[in-house]
Amino acid sequence: MDVTRGGPADVPAIMAMLDDAQDWLASQGRTGQWGTDHWSGVPSAVDRFTRLATSGTVWLAVIDDEPAGVVITSTTPPEYVPPATEPEHYVSLLVIARAHAGRGVGATLLAHARREARAAGVGLLRVDCYDSDDHRLVSYYEKQGFTSVATFKARNGTWPGRLLALRP
């Protein structure tokens, strides 16, 4: 697995991974996180991810010349998360192609994000995620070394979220 720098040209691959992940979540009856309508079919979502890929730092995990996952980091959190009191790198997106699930792609990308933060002299890496009843995603980030910082409600109070942080 290689980790390579990406950018706005990778938005179609990012959208495909998001749609793939969304289908997988829906197949498990877990539609609370992203619903059932593919992000690629929602112009405002495509615009949002294009802005993230343009303003943030995009890193792709590549296996056999195929995008296997992506992490996008930024120096500012989304508007629904309180700003940090110190410089930070914020994980704006982490998604893995389902064909490569279980191969350590997410862990590799998060480790890369930690190294990038350290190299930039930044002592805080934060991420937010969907905080479902089963807390599976929260548990995943905790296994990657993140600690829960706060809970919140987004999307007009309909989306339960969790903010997590780690010291790279």
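Listed by first and then second residue, the pairs linking a residue in region 144-160 that is aliphatic (A, V, I, L, M) to a residue that is part of a loop (DSSP other than H, G, I, E, B), with Cβ atoms under 6 Å apart and 6 or more places separating them unless they lie on different chains, are Ala154/Tyr80. Just to be sure before I move on: is Thr85 over 27 Å from Ala26 (Cβ atoms), polar (S, T, N, Q) and without any contact (Cβ under 8 Å) to a residue 12 or more places away in the chain in the structure I sent? Taking the combined requirement at face value, the residue satisfies it. Residues that are in contact with a Leu (Cβ under 7 Å, 6 or more places away or on another chain) and under 14 Å from Pro82 (Cβ atoms) were ranked within region 128-163; the one that is surrounded by the fewest Cβ atoms within 10 Å (Cβ to Cβ) is Ala150.
Kindly indicate whether any position in region 22-35 is among the hydrophobic types (A, V, I, L, M, F, W, C) and part of a strand (DSSP E or B).
Here is the first cut: in region 22-35, the residues among the hydrophobic types (A, V, I, L, M, F, W, C) are 24-26, 34.
Filter again for part of a strand (DSSP E or B), leaving none.
No: region 22-35 contains no residue that is among the hydrophobic types (A, V, I, L, M, F, W, C) and part of a strand (DSSP E or B).
Condition (residue is surrounded by 15 or more Cβ atoms within 10 Å (Cβ to Cβ) and either among the aliphatic types (A, V, I, L, M) or in contact with an Asp or Glu (Cβ under 8 Å, 6 or more places away or on another chain) (or both)) applied to region 113-121: is it met by at least one residue?
Residues of region 113-121 that are surrounded by 15 or more Cβ atoms within 10 Å (Cβ to Cβ), as a first pass: 113-114, 116-117.
This time we only want the ones that are either among the aliphatic types (A, V, I, L, M) or in contact with an Asp or Glu (Cβ under 8 Å, 6 or more places away or on another chain) (or both), so: 113, 117.
Checked region 113-121: at least one residue is surrounded by 15 or more Cβ atoms within 10 Å (Cβ to Cβ) and either among the aliphatic types (A, V, I, L, M) or in contact with an Asp or Glu (Cβ under 8 Å, 6 or more places away or on another chain) (or both).
Readers should treat all values here as calculations from the given coordinates under stated rules, not as data from a laboratory. Computed from a predicted structure; not experimentally measured. Backbone-built Cβ (ideal geometry, glycine too); neighbour counts: all protein chains shown.
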